[in-house]
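The values are calculated or read from the model by the stated rules, or taken from the named source; none is laboratory data. From a predicted model like this one, the values you see are computed outputs, not experimental measurements. Here the Cβ positions follow ideal geometry from the backbone for every residue, glycine too, while neighbour counts run over all protein chains shown. Ligands, DNA and RNA are stripped out before the accessible areas are found, and what is left, the full protein with its side chains, is counted by its heavy atoms. Shrake-Rupley method; radii C 1.70, N 1.55, O 1.52, S 1.80 Å.
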Amino acid sequence: MRIGELSKRTGVSQRSLRYYEEQDLLTSSRSHAGQRHYSDAAVQRVALIRQLFDAGMSSRVIATVLPCVDVPGDLGVAEETFTAMMRERDRIDADITHLIETRDALDVLIRANSRHRAELSTAPEPAAQSA
């Protein structure tokens with residue numbers, strides 16, 4: 001399939017798909033006219049790349065992790081990839097912990113604001129001043 005079709009099927013812009021190729025995350029073959037052509041497997045590959053980007057991984061880290069998908073039987077690749085995946089998992093766990101702490105702090109502010117709004121809604125109106 002050509003780049004426009006891959007873009008439609010994945011919801012990823014053509015510009016992003018070109019970037020993935022520049023970063024060696026995605027490969028294509030070229031026609032005699034220089035047009036990119038992708039296999040059907042590229043749809044799943046792009047979905048995985050998006051998921052990893054959405055998890056906060058950089059293209060450099062993704063490039064380190066993807067070889068375990070491409071060359072699953074290579075022990076050297078498996079070890080390097082395992083280390084990178086564990087490092088990213090630890091980073092994601094830290095991000096989750098930070099988000100939970102931030103949400104809990106926001107809950108405290110929401111409760112305080114709710115009490116304040118309730119107090120304001122039941123407070124007597126100030127007496128009108130005569131001129």
Show the residue pairs that are 6+ apart or on different chains and have beta-carbon atoms under 9 Å apart, the first residue being within the stretch 20-31 and farther than 13 Å from L66 by Cβ, the second being among the aromatic types (F, W, Y) and crowded, with 19+ Cβ neighbours inside 10 Å.
-> S28/Y38; S29/Y38
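Filter the stretch 97-107 for residues that are open to solvent by 80 Å² or more (accessible area, probe 1.4 Å) and among the aliphatic types (A, V, I, L, M); which is farthest from the chain's Cα centre (by Cα)? First the steps, then the outcome.
Residues of the stretch 97-107 that are open to solvent by 80 Å² or more (accessible area, probe 1.4 Å), as a first pass: 98-99, 101, 103, 106.
Then keep just the ones that are among the aliphatic types (A, V, I, L, M); that gives 99, 106.
Working: L99: 15, L106: 23 Å.
That would be L106.
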Residue check, Y19 against (1) over 18 Å from S58 (Cβ atoms); (2) modelled with pLDDT of 95 or more; (3) hydroxyl-bearing (S, T, Y), all met but one. Which one?
-> (1)
